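The structure under discussion appears below in the form of structure tokens.
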Amino acid sequence: MSFPIVVLISGSGSNLQALIDQSLSGDLDIEIKAVISNKADAYGLTRAKDAGIPTHHLNHKEFESREAFDAALQTCIDQHQPKLVVLAGFMRILSEGFTRHYQGRMLNIHPSLLPKYKGLNTHQRAIDAGDEIHGVSVHFVSAELDAGAVIVQAKTDIDAEETADSLARKVHNLEHIIYPLAVKWFSQDRLKEVNNKAILDENPLAETGFAYN
């Protein structure tokens, strides 16, 4: 039986598409039980529908608090009984109760080499800092923003004439490689979180996770 996951999105869903493509090719033995978005016009919902995946839209603006939205989101997720929740461009800060409920079974991808550049505008911040290397991290989700245990990172050079847009394109290409890889490790029971540390094949990973390149 394929490994059941639920994917949360807010935008175009390119990482969702990478997961769909690898599951269809047989490289990733998963079943995406549902795709949930907080934005009705997220293109990722179209990607899911085209692949025959059930979709849900929960508008966070219709809830009186972050906790109320998260409670409804949790109910929506849990009806599909996933073993893993994958945040793929889900642009919401999650409440502590929600993250605790999915502790050790929720992943996120962040466009920087964590712990550098938590939050937004990571590509421009790396350029403005004069960095020569930038990249992307997959990590377990914790209550603190972009602070969960790092699983895997991939790096790219920052060229002399780099712009935030050109750097984003390079990072996106890396995202589509390492996110399915982390999901694959988890689905094969090779990856877990113990005491806020990522463990791969029973070996604790470094603070910056597995170095893909």
Q: Look at region 105-154 and say how many of its residues are part of a strand (DSSP E or B) and buried (at least 17 other Cβ atoms within 10 Å of the Cβ).
A: 17
Q: Please name all residue pairs, on different chains or six or more residues apart, with Cβ atoms under 7 Å, provided the first residue is in region 173-187 and is of a type in the set (Asp, Glu) and the second residue is modelled with pLDDT of 95 or more.
A: GLU175/ASN15; GLU175/ILE109; GLU175/VAL136
Q | Members of region 8-34 that are part of a helix (DSSP H, G or I) and either touching a strand residue (DSSP E or B) at 6+ places or on another chain (Cβ under 7 Å) or not small (Gly, Ala, Ser) (or both) | A | ASN15, LEU16, GLN17, LEU19, ILE20, ASP21, GLN22, SER23, LEU24
Q: Considering each residue of region 44-73, count those that are under 27 Å from GLU96 (Cβ atoms) and part of a helix (DSSP H, G or I), and give that number.
A: 12
Q) What number of residues within region 14-29 satisfy the criterion of being in contact with a Lys or Arg (Cβ under 8 Å, 6 or more places away or on another chain) and among the aliphatic types (A, V, I, L, M)? A) 3
(Q) Tell me the residue from VAL150, VAL136 that is among the hydrophobic types (A, V, I, L, M, F, W, C) and closer than 21 Å to LEU16 by Cβ, please. (A) VAL136
Q. In region 73-103, what residues are touching a residue at least 60 places away in the same chain (Cβ under 8 Å) and either surrounded by fewer than 18 Cβ atoms within 10 Å (Cβ to Cβ) or among the basic types (Lys, Arg) (or both)?
A. HIS80, GLN81, LYS83, MET91, ARG92, GLN103
Q.
Tell me the residue from ASN203, ASN213 that is over 14 Å from the mean Cα position of the chain (by Cα), at pLDDT below 95, closer than 30 Å to SER2 by Cβ and not acidic (Asp, Glu), please.
A. ASN213
Q: Could you please find all residues in region 174-213 being surrounded by 12 or more Cβ atoms within 10 Å (Cβ to Cβ), more than 17 Å from LEU84 (Cα to Cα) and among the polar types (S, T, N, Q)?
A: THR208
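Looking at region 125-160, which of its residues are of a type in the set (Val, Ile, Thr) and within 17 Å of ILE93 (Cα to Cα)?
Step one: filter region 125-160 for residues of a type in the set (Val, Ile, Thr), giving 127, 133, 136, 138, 141, 150-152, 156, 158.
Across region 125-160, the qualifying residues are VAL138, VAL141.
The values are calculated or read from the model by the stated rules, or taken from the named source; none is laboratory data. What you are looking at is a predicted structure, and each value in this text was computed from that prediction instead of being measured. Here Cβ is always computed from backbone atoms with ideal geometry, including for glycine, and neighbour counts include all displayed protein chains.
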